[in-house]
Amino acid sequence: MSHLQYFSYKGFGEHMREVLSYSQAVRIGDRIEIAGQGGWDPETHKVPTDISEEISQAFSNVDLALKDAGGKGWSQVYRVRIYTTLEMDAETMGLIVQNLQKWAPDHKPVLTGVGVNALALDGMRIEIEAFAHNARE
């Protein structure tokens, strides 16, 4: 699979590559696909207790993973998949929409939201996958 390039950003990404044997991103030609990004701090690995901070950090971690793989970040994202243990009430949706508008101000990527019972890390309530195109432009 020499045509696939895998990436794991410093801190949390490298840690998870060693501990759980997975990468944060993969380049496939002109696409980047990233593993689900939670709201963890990339250096301390801790997940904030404040839901607004956790959601904001998850969006920031998407940007980090994309740029680490050679992309430009959210400007190239065409698809987003969000997994959450949260009730999708007006507050939660408001925080997600606020971050989508902040990180993708010039376009509106397609979005799928999936409610789940639990996520991989203790205390984690949101995880975001993103798919980007033309990352080498």
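Listed values, structure above:
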quantity: Test: GLU129 is open to solvent by 20 Å² or more (accessible area, probe 1.4 Å) and closer than 15 Å to GLU33 by Cβ; calculated: yes
quantity: Which listed residue is assigned to a strand (DSSP E or B), in contact with a Ser or Thr (Cβ under 6 Å, 6 or more places away or on another chain) and either within 12 Å of TYR9 (Cβ to Cβ) or touching a residue at least 24 places away in the same chain (Cβ under 8 Å) (or both), from ARG81, ARG27; calculated: ARG81
quantity: Filtered residues of region 84-110 (kept if in a strand (DSSP E or B) and either touching a Gly at 6+ places or on another chain (Cβ under 9 Å) or hydroxyl-bearing (Ser, Thr, Tyr) (or both)); calculated: THR84
quantity: Filtered residue count, region 103-122, keeping only those that are among the charged types (D, E, K, R) and touching an Asp or Glu at 6+ places or on another chain (Cβ under 6 Å); calculated: 0
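One line per residue, one yes/no per condition, for (1) more than 26 Å from GLN5 (Cα to Cα); (2) modelled with pLDDT of 95 or more; (3) surrounded by fewer than 18 Cβ atoms within 10 Å (Cβ to Cβ):
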| site | (1), (2), (3) |
| --- | --- |
| PHE59 | no, yes, no |
| VAL62 | no, yes, no |
| LEU66 | no, yes, no |
| TYR78 | no, yes, yes |
| THR84 | yes, yes, no |
| ALA90 | yes, no, yes |
| TRP103 | no, yes, no |
| GLY113 | yes, no, yes |
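The values are calculated or read from the model by the stated rules, or taken from the named source; none is laboratory data. Every value quoted in this text rests on a predicted model; they were computed, and no experiment measured them. Cβ atoms come from the backbone with ideal geometry, glycine included; neighbour counts cover every protein chain shown. Each accessible area value is taken on the protein alone, full model and side chains, heavy atoms only, with ligands, DNA and RNA left out. Shrake-Rupley method; radii C 1.70, N 1.55, O 1.52, S 1.80 Å.
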